[in-house]
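Here the structure is laid out as structure tokens; the discussion comes afterwards.
The values are calculated or read from the model by the stated rules, or taken from the named source; none is laboratory data. In this text the structure is predicted, and so the values were computed from the model without any measurement. All Cβ positions, even for glycine, are placed from backbone atoms using ideal geometry, and neighbour counts span all protein chains on display.
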Amino acid sequence: MLRNLTFMTGLLLLAGLYNFFPREQLSQAAAGKKDTATEAQSMLALADPAEGADKSSESAPAPESNLKKNPAYAEALLKKSREKLRAYSSIQAEITETVEIGPKPFVIQGKYLQGKDLKLRLEFQVQGKKENGEPVGTLREICDGQVLWTEHNIKGTSRVTRRDVQAILKQAQLNPNSQPNLLVAELGLGGLPSLLAAIQKNMQFESVGERTISGKTLTVLNGTWKEGFLAQFKGGDPAAPAQLPAYVPDAVRIYLDQETLFPRRIVYLKKNQDSLESMVTLNFSKVTLNAPIAATQFAYEPPDGVFPVDITNQYLKQLSQ
């Protein structure tokens, strides 16, 4: 089961979507918005007002420029971005994730903290697209490097799970087929570096371009699925075309800051006739690098009256098979 997780599933689990909405709802036809330049500018400006003060730039079209087919360069840029992310002593950012899957689009807003040695803190509020609407639910994932805690609160009811990540990683090292970077991503750990590692494992990047969003020029990497990933959707016939479910994207675009190579924006896209439409848009704003983070940010205590469910053995059993 662990080995069958894709990076898209990992992303959805990370955001807690499967705990708020049943898989059947997510698998309905995607109702995404086209990833046009105008929408890209508007979204990033919304996520980071400090960088979107120039209202005129939001409505002015800024198509992708300098688009070049260069797989080697695209792959090298993504690898370098991962390496730089791992080198930071800490990362702090705000997250805005817009999800256009199924009949009820929603927005997830939260904070992201990353420290060394698997220390991680993610906090999300899932909101419907209604002004002044109450959050549908909240999600917190906190790891001190030893134990990963996940807390979901839906309409006042909390559920907490725990995973001993060091025990899981130790068991994984005994499995010759395990890949530590991908496993960390599947566990929802390691933050952005592991997410990019999982993306790069499953997708091939062929072109590099530029796009100006709110006055800032970003490098855009364009990726599609590798044949190895698509094979699982061919019904056992290698010659058949892959039939991807509605909730699985066809492509991804990663927007890198040109100075730091930080992934400011990740867009998962679905084909709609001759165009690509956004399904999930993940924006990182107010990014702070290498600033001190108190150890207490990675500490967690379950709410009173909530008894955590330890799911470590589920992972250990799967890894031992």
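For the stretch 283-306, the set of residues classified as of a type in the set (S, T, N, Q), under 22 Å from the mean Cα position of the chain (by Cα) and more than 20 Å from residue 264 (Cβ to Cβ) consists of 297 only.
Taking the conditions exactly as written (modelled with pLDDT under 85, more than 24 Å from residue 246 (Cα to Cα) and among the small types (Gly, Ala, Ser)), does residue 133 satisfy them or not?
Working: modelled with pLDDT under 85: yes; more than 24 Å from residue 246 (Cα to Cα): yes; among the small types (Gly, Ala, Ser): yes.
Criteria met by residue 133.
Screening residue 144 against (1) surrounded by fewer than 19 Cβ atoms within 10 Å (Cβ to Cβ); (2) more than 19 Å from residue 263 (Cβ to Cβ); (3) modelled with pLDDT of 90 or more; (4) not aliphatic (A, V, I, L, M) leaves a single unmet condition, (1). Taken as a whole, the stretch 262-285 holds no residue that is surrounded by fewer than 17 Cβ atoms within 10 Å (Cβ to Cβ) and within 24 Å of residue 92 (Cβ to Cβ).
Sort out which residues of the stretch 208-260 are among the hydroxyl-bearing types (Ser, Thr, Tyr) and more than 21 Å from residue 84 (Cα to Cα), and write them in order of number.
Going residue by residue through the stretch 208-260, those that are among the hydroxyl-bearing types (Ser, Thr, Tyr) are 212, 214, 217, 219, 224, 247, 255, 260.
Answer for the stretch 208-260, where residues must be among the hydroxyl-bearing types (Ser, Thr, Tyr) and more than 21 Å from residue 84 (Cα to Cα): 212, 214, 224, 247.
In this structure, does residue 250 turn out to be under 22 Å from the mean Cα position of the chain (by Cα) and free of Cβ contacts under 8 Å to residues at least 40 places away in the same chain? For residue 250, the condition - under 22 Å from the mean Cα position of the chain (by Cα) and free of Cβ contacts under 8 Å to residues at least 40 places away in the same chain - is met.
For the stretch 71-112, filtered to residues that are under 14 Å from the mean Cα position of the chain (by Cα) and of a type in the set (A, V, I, L, M, F, W, C), the residue that is farthest from residue 272 (Cα to Cα) is 93. Scanning the stretch 306-321 for residues that are touching a strand residue (DSSP E or B) at 6+ places or on another chain (Cβ under 9 Å) and at pLDDT 90 or above, we see that the one that is surrounded by the fewest Cβ atoms within 10 Å (Cβ to Cβ) is 307. In the stretch 233-247, the residue that is nearest to residue 272 (Cα to Cα) out of those that are touching a residue at least 24 places away in the same chain (Cβ under 8 Å) and not hydroxyl-bearing (Ser, Thr, Tyr) is 246. Checking each residue in the stretch 201-243 for being in contact with a Leu (Cβ under 8 Å, 6 or more places away or on another chain) and in a loop (DSSP other than H, G, I, E, B) picks out 214, 242. Count of the stretch 247-269 residues, restricted to those that are in a loop (DSSP other than H, G, I, E, B) and touching a Leu at 6+ places or on another chain (Cβ under 8 Å), is 7.
Every test in (1) without any contact (Cβ under 8 Å) to a residue 40 or more places away in the chain; (2) assigned to a loop (DSSP other than H, G, I, E, B) is passed by residue 300 save one, and that test is (1). The residue of the stretch 215-252 that is modelled with the lowest pLDDT, among those that are in contact with a Ser or Thr (Cβ under 6 Å, 6 or more places away or on another chain) and buried (at least 16 other Cβ atoms within 10 Å of the Cβ), is 247.
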